Amino acid sequence: MQNVTEMALDLIPMGTEEKDWQRERGNSKELPEGITSRQVYADIVHIAWPALVELTLTQIASMVDMMMIGRLGSWALAGVGLTTQPKFLLMTAFIAMNVGTTALVARYKGAGEKEKAEKVFQQAMTFTLITSLIASVLGYLFAEKLILFMGAQDEQSLNAGVVYLRIQMAGFVFMALTTTVTAALRGVGNSKVAMIYNLAANIVNVILNYLLIYGNLGFPRLEVAGASLATIIGQGVAFVWAMKYVLGKKEYIYFRINKELIPDWTVLKTIFAIGVPAMVEQLVMRTGLIIYTKTVAGLGTVPYATHQVCMNVLALSFMTGQALAVSATTLVGQSLGRKRSDMAEHYSRRSQHIGLVLAVLIAIVFAVCNEEIMMLYSSESPIIEQGARILLLVAVAQPFQVSQFILAGALRGAGDTRSIAVYTFLTILILRPALAMLLIHYTDLGLIGAWIALVLDQLVRTALVVGRYRSGKWKYIKLESL
């Protein structure tokens, strides 16, 4: 399905040199004749709102998990929190390749090359299946070692983390394949389907949380294990729904169980050209976050439980930036596929306008309702009081955070994943852990010091991403052709 601006741009012959159009208009910052700012905003919102609903509901389900788990005690919060970074580390390979999948499907969609978009999708599914199977086995076998490595402070937290992580690994493959379907659908600009199947998954997850964590309505009381089971059953529902959709032939791309599932190194090499730098970025980021998390975990169970709650709230604030980044990735990729870098800039700029307005509103909520938000997770006074102070720092970071997400999404849509990997290395792997160690061990700031380090990391990374985007080099990146 074409968006409004794509239909208008169909009046412009494919392959026409953009510089000629810029010369005719006299100002590359002006929209092409026949296209209004309202149409551009409509295209952005068309993709962003389902992605926002999907991401927000997924995060809300995660927050409900944490709230329900939090009622079991700080040991449960800490134990489940210790599984987050190992799980994401195991997801690194296919998450990174999903970046390449979205960018390439968007580029081929913009260029009108449907067969190439389908080839990318088929090969991405093959890669995800293989890597997620390997990761799930490793995660199950080494669950205890991973939780110990993350800094479990007591036996109760360790046991909770091991149980939670092992159950997660049982449903890992289905979750992984669903994310690849989502990546491909976003590339063609269809974010509504992902919203629907993730909504279904979240509803199942929350209902089963209620039944299995505390043993309501005659169900067994499984506590942390119940929360993990609820999550993977919900993910299974999303997988079945997603596959049912892409196995049909109505979508721009669809999944075929045939010889194309055999690894094709020509196609995979094209995906890797974008995905490998993205994988390096993910590995660097996860390594940095593990170092950061271990540093915070050393403060003790209650401070770490507070940290985990605040990270959970912070993740919710990511949703607007990430949804608009999905839109920016798709629209920038499609625009460059049509050889219209001017439209890529218009989409990026207006995505930022929307993001900044939403960021200010979120910042106000965090600043005004900080204590009330923390009380949703815990009734323990130390957690509420310190968490409320941390949320004030989170509020300050909002405008910078949203700009970083959106422009990074635009760069990824152009295939410029190397620069993002470099910036991640400099900030998350070096700057944030170093500042956290310094402020925790050599000042009296404790957990607050760790969060000051996080906010400074966000500010520096935003400056780097904005600088790269404004250089304009991303507009001239050539992707390998199939």
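Within segment 120-130, restricting attention to residues that are buried (at least 20 other Cβ atoms within 10 Å of the Cβ) and out of contact with any Leu (no Cβ under 6 Å at 6 or more places or on another chain), the residue that is nearest to T330 (Cα to Cα) is F121. Within the span defined as segment 256-279, every residue fails to be in contact with a Ser or Thr (Cβ under 7 Å, 6 or more places away or on another chain), buried (at least 18 other Cβ atoms within 10 Å of the Cβ) and polar (S, T, N, Q).
Look through segment 278-291, keep the residues that are of a type outside the set (S, T, Y) and over 16 Å from the mean Cα position of the chain (by Cα), and return whichever of them is modelled with the lowest pLDDT. Restricting to residues being of a type outside the set (S, T, Y) and over 16 Å from the mean Cα position of the chain (by Cα), the top hit is I290. Restricting L361, L407, L391, L356 to residues that are surrounded by 22 or more Cβ atoms within 10 Å (Cβ to Cβ) and closer than 30 Å to Y41 by Cα narrows the list to L407. Only one of the listed residues (L148, L177) is among the aliphatic types (A, V, I, L, M) and under 20 Å from the mean Cα position of the chain (by Cα). That residue is L177. When segment 220-256 is limited to residues that are among the charged types (D, E, K, R) and outside any helix (DSSP H, G or I), the one that is nearest to the chain's Cα centre (by Cα) turns out to be E251.
Take the conditions (1) under 23 Å from T84 (Cβ atoms); (2) assigned to a helix (DSSP H, G or I); L217 misses just one of them, which is (1).
Among the residues of segment 369-391, just one is β-branched (V, I, T) and without any contact (Cβ under 8 Å) to a residue 40 or more places away in the chain, namely I384.
Taken over segment 362-385, residues that are over 26 Å from the mean Cα position of the chain (by Cα) and not polar (S, T, N, Q) amount to 9. For first residues located in segment 145-156 and more than 9 Å from W75 (Cα to Cα), partners that are among the aliphatic types (A, V, I, L, M) and outside any helix (DSSP H, G or I) and lie 6+ apart or on another chain with Cβ distances below 8 Å form the pairs I147/L82; M150/L82; G151/L82; A152/L82. Just to verify a result, which residue in segment 84-108, among those that are polar (S, T, N, Q) and out of contact with any Leu (no Cβ under 7 Å at 6 or more places or on another chain), is nearest to Q168 (Cα to Cα)? Applying the filter and picking the extreme gives T84.
Screening segment 288-303 for residues that are of a type outside the set (A, V, I, L, M, F, W, C) and not in a helix (DSSP H, G or I) and picking the one that is surrounded by the fewest Cβ atoms within 10 Å (Cβ to Cβ) gives G298. Scanning segment 38-84 for residues that are in contact (Cβ under 8 Å) with a residue 60 or more places away in the chain, assigned to a helix (DSSP H, G or I), surrounded by fewer than 21 Cβ atoms within 10 Å (Cβ to Cβ) and over 22 Å from the mean Cα position of the chain (by Cα) yields one hit, Y41.
The values are calculated or read from the model by the stated rules, or taken from the named source; none is laboratory data. Keep in mind the model is a prediction, meaning the values are calculated, not measured. No Cβ is skipped: glycine too gets one built from the backbone with ideal geometry, and neighbour counts run over all protein chains shown.
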